[in-house]
Amino acid sequence: MVEQLVEKRFEPAPTPTPVPTTIVPKPTPTVDLHAEKLTTDILALNAAEILELQLSTFETQLENAIAHGFADLTFIHGVGHHTLRNELHRRLGKHPQVKFFEDAQKEKFGFGATKVVLK
């Protein structure tokens, strides 16, 4: 028994299993959430599906920007009926990595964009 313990002590350690890495795509500093920019199949989607696509893109791009250490980014959401804008602002207000958000440069984007400053 002692001999077995001594032999085990000198055995090489097992090779650790490599941890898979996830590559997070780097977003652009300005993300256009207009439906026609996100899909070519816009006519096949109803309003709820379009909103879900826009919100999903928003969430993904925000998380990717955080992962890449962005200081800020801008989401172009358009004016419309403020449905998308209001939902973005609701989610941004609850997000722990968002320092603050505000209307983006009106000269550049009009009234349809939100600038997000990250912590």
### Message
Restricting to DSSP H runs of at least four residues, report the calculated mean residue ellipticity at 222 nm for the chain, -39500 (n - 2.57) per run over all residues, nearest 500 deg cm²/dmol.
### Response
-12000 deg cm²/dmol
### In the chain, lysine pairs with alpha-carbon atoms under 24 angstrom apart (chain gap of 8 or more, or interchain)
16
### Segment Arg90-Thr28, extension gain: residue separation times 0.36 nm, minus the distance between their alpha carbons
20.1 nm
#### Entry: Distance in nm between pseudo-label sites at Asp72 and Ala47 (7 Å out along the Cβ direction from Cα)
3.3 nm
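Read-outs throughout are calculated quantities, based only on the coordinates presented, and are distinct from any laboratory measurement. Predicted model, so just to flag it, every value in this text is computed and none were measured. Methodologically, a virtual Cβ is constructed for each residue, glycine included, from the backbone with ideal geometry; neighbour enumeration extends over all protein chains shown.
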